[in-house]
Each structure stands twice: as structure tokens, then as C-alpha cells.
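Worksheet: the structure to be examined is printed underneath.
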Amino acid sequence: MTEMPFKRARSPQAKARRADDLLKAAATILDQQGVEEVTLTRIAARAGVVKSNVYRYFESREEILLRVLLSDLALMLDALEQTVQAPISPRRTAELLADGFASKPRVCLLLTDLAPTLERNIGSEKLRELKRMFLQALDRATAVLHCAQPEIKLPGCERIVMAINALVAGLWPMTHPGPVLERVQSEAEFARLRSDFQEALTQNIHALLLGAEAYRS
């Protein structure tokens with residue numbers, strides 16, 4: 001079978017499709033093999049391009065993963081904005097937010113790697129661009145929380161959203177241990193160390209919201 005020759009994307013539409021193909025390739029590898037296995041070589045191979053051409057679209061592997069995270073965050077926020085359109089109880093708010101994160105495991109996984117790894121291999125100009133996109137996501141999440149909990153002022157909602165991101169980054173690896181640790185924690189002696197991500201996140205978000213209400217009072 002003759003291999004199809006590589007065709008360079010030339011039009012803006014073709015370039016956008018190629019960039020999207022690379023992001024989808026990275027997301028697939030991430031889902032199937034984990035963050036450590038997402039390399040430019042593997043991304044290029046899955047997308048059907050040579051590695052050198054990846055640099056025409058993205059500065060680094062880390063930029064690709066950050067854009068995957070931003071895309072998934074946007075989808076999660078789309079769903080939350082459709083669901084939360086009026087004030088609801090703190091408990092229900094916590095449940096909906098935890099459901100949102102639990103439904104997007106890539107978001108949770110990449111938030112875990114955000115500060116220690118993903119933001120380390122990107123130039124300052126590109127990082128500014130990406131940080132502006134994260135600020136837009138933060139504004140959307142803050143607005144959703146304020147809609148659900150209007151008694152908490154917007155600055156307070158923003159602080160809570162940032163605290164929730166930190167909770168996700170801590171709880172996700174703790175509740176998704178590697179195979180050896182999982183076997184050890186399956187023993188009765190260590191049962192107290194096991195926890196469910198969604199349940200733990202719901203409880204912690206609920207506590208944050210109740211704490212904000214008590215502090216306001």
C-alpha cells in the first residue's frame with residue numbers, strides 16, 4: 001500500500017483543521033495512556049504529520065496540553081451555564097460543580113499537572129496569551145457560581161472557584177492512585193485512606209460555600 005504524501009495546510013481553514021487534529025490526537029493519547037505518554041512524536045504520528053510540522057502550530061507539548069485543558073473547561077462551563085440559571089442551595093451547587101469535574105477527567109488530570117509541569121516550558125508571550133484565556137474561563141466559572149449563590153459577592157465567588165481548582169488538583173491524584181498503591185489501600189488496614197473523588201469534592205465545595213456564608217454573616 002502506497003503511503004499518502006504529507007500535504008501542508010496553507011489556507012487559514014486548513015491550518016485550523018490541522019491544529020484541531022493535533023489537539024484531538026493529544027487528547028486521545030492522554031485518555032488512553034496518560035500525561036507522561038503525550039509526546040510531540042506520538043502526537044504527530046497519530047495526527048499523520050511529521051514532528052517538525054507540529055511547531056508550525058504549537059510552541060511545545062505543554063502548550064498543546066494547556067489548549068486541550070482550555071477546550072475541555074469551555075465544554076464543562078457550557079454545560080454548567082445551561083444548568084445553573086437561578087439561585088440554588090449550597091449543597092446542590094456543590095453537587096453540580098463536582099459532577100462537572102467528574103464528567104471531565106482530562107480537566108482534573110491536567111489541573112493536577114498545571115502548576116508543576118505544564119506552565120514551565122512555554123515562552124512568556126505565549127503564556128500571556130494562554131493566561132488570558134484562563135482568565136476568561138475563570139470569569140465564566142465565577143459568574144456561574146454567583147448565579148447559584150448570589151449572596152456571595154463576585155470577588156468571593158472568584159476566590160472560591162480558585163480554591164475549587166486547587167481542591168481538584170489535590171483530590172484527583174489522591175483518589176486515582178497507581179496500581180501498587182491501589183493494591184495496598186485495598187487492604188482493610190488502610191481503608192480510611194481510600195476516598196471517592198466526586199464525593200470528596202462535593203463535601204469540600206459544600207464546606208467552602210457554607211464557610212463563605214458564615215464568614216459573610
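No lab work stands behind these numbers, since they all come straight from the coordinates. Remember, it's a predicted structure, so these values are computed and weren't measured experimentally. Every residue, glycine among them, receives a Cβ derived from its backbone with ideal geometry; neighbour counts consider all protein chains shown.
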Evaluate the distance, in nm, between pseudo-label points positioned 7 Å from the Cα of Arg46 and of Ala79 along their respective Cα→Cβ axes.
2.0
With semi-axes √(5λ) of the Cα gyration tensor in Å in mind, check [x] 35, 23, 14; [y] 30, 20, 15; [z] 36, 18, 14 and report the label derived from this structure.
[x]
Do any trypsin sites (Lys or Arg not before Pro) in the range 132-202 lie in a loop, going by DSSP, with at most 13 other beta-carbon atoms within 10 Å of their beta carbon, and if so which?
Lys153, Arg194
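What 222 nm value per residue comes from the helices of the chain, counting each DSSP H run with n ≥ 4 as -39,500 (n - 2.57) and dividing by all residues, nearest 500 deg cm²/dmol? Show your work: numbers first, answer last.
On the way: 10 runs with 153 residues, N = 217.
Result for the chain: -23000 deg cm²/dmol, rounded to the nearest 500.
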Determine the relative contact order of the range 114-195: mean sequence separation of Cα pairs under 8 Å and six or more apart, normalised by residue count, in whole percent.
17
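Compute the longest continuous run of the chain that contains no exposed GluC sites (Glu not before Pro); treat a site as exposed when its DSSP state is not H, G, I, E or B and it has at most 10 other Cβ atoms within 10 Å. Intermediate results must be reported in sequence, preceding the final value.
On the way: sites that count: Glu3, Glu187.
Looking at the chain, 4-186 is the longest stretch - no exposed GluC sites (Glu not before Pro) with at most 10 other Cβ atoms within 10 Å.
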Step through the residues of the range 23-35 one at a time and calculate ³J(HN,Hα) from phi using the Karplus curve (6.51 cos²θ - 1.76 cosθ + 1.60, θ = phi - 60°), rounding each to whole Hz and writing x for Gly and Pro.
5, 5, 4, 4, 4, 5, 4, 4, 5, 7, 10, x, 4
Please give me the summed charge of the neighbours of Ile88: other residues whose Cβ is under 14 Å from its Cβ, Lys and Arg +1, Asp and Glu -1.
-3
Dipole in debye (nearest 20) - the range 62-216, about Cα centre, beta carbon charges: Lys, Arg +1; Asp, Glu -1
260
Computed over the chain: longest principal axis from alpha-carbon atoms vs helix 124-148 long axis, angle to nearest 10 degrees, is 40
The Cα extents of the range 10-58 along the principal axes, largest first and rounded to whole Å, are 33, 18, 16
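Test of the criteria: in the range 40-110, which trypsin sites (Lys or Arg not before Pro) are in a DSSP loop and have at most 15 other Cβ atoms within 10 angstrom of their Cβ? Working shown, then result.
Details: sites: Arg42, Arg46, Lys51, Arg56, Arg61, Arg67, Arg91, Arg92, Arg106; in loops: Arg56.
Sparse-neighbourhood loop trypsin sites (Lys or Arg not before Pro): Arg56.
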Simple SL model, points at 7 angstrom along Cα→Cβ for Gln203 and Ile88; separation in nm is 2.1
Gap in Å between the Cα centre of the range 42-84 and the Cα centre of the range 139-174?
23
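Hand me the chymotrypsin sites (Phe, Trp or Tyr not before Pro) from the range 1-103 located in a DSSP loop with no more than 12 other Cβ atoms within 10 Å, in residue order please.
Those satisfying the criteria are Phe6, Tyr55.
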Inter-label distance, nm, simple model (7 Å from Cα along the C-beta direction), Leu135/Val35:
2.5
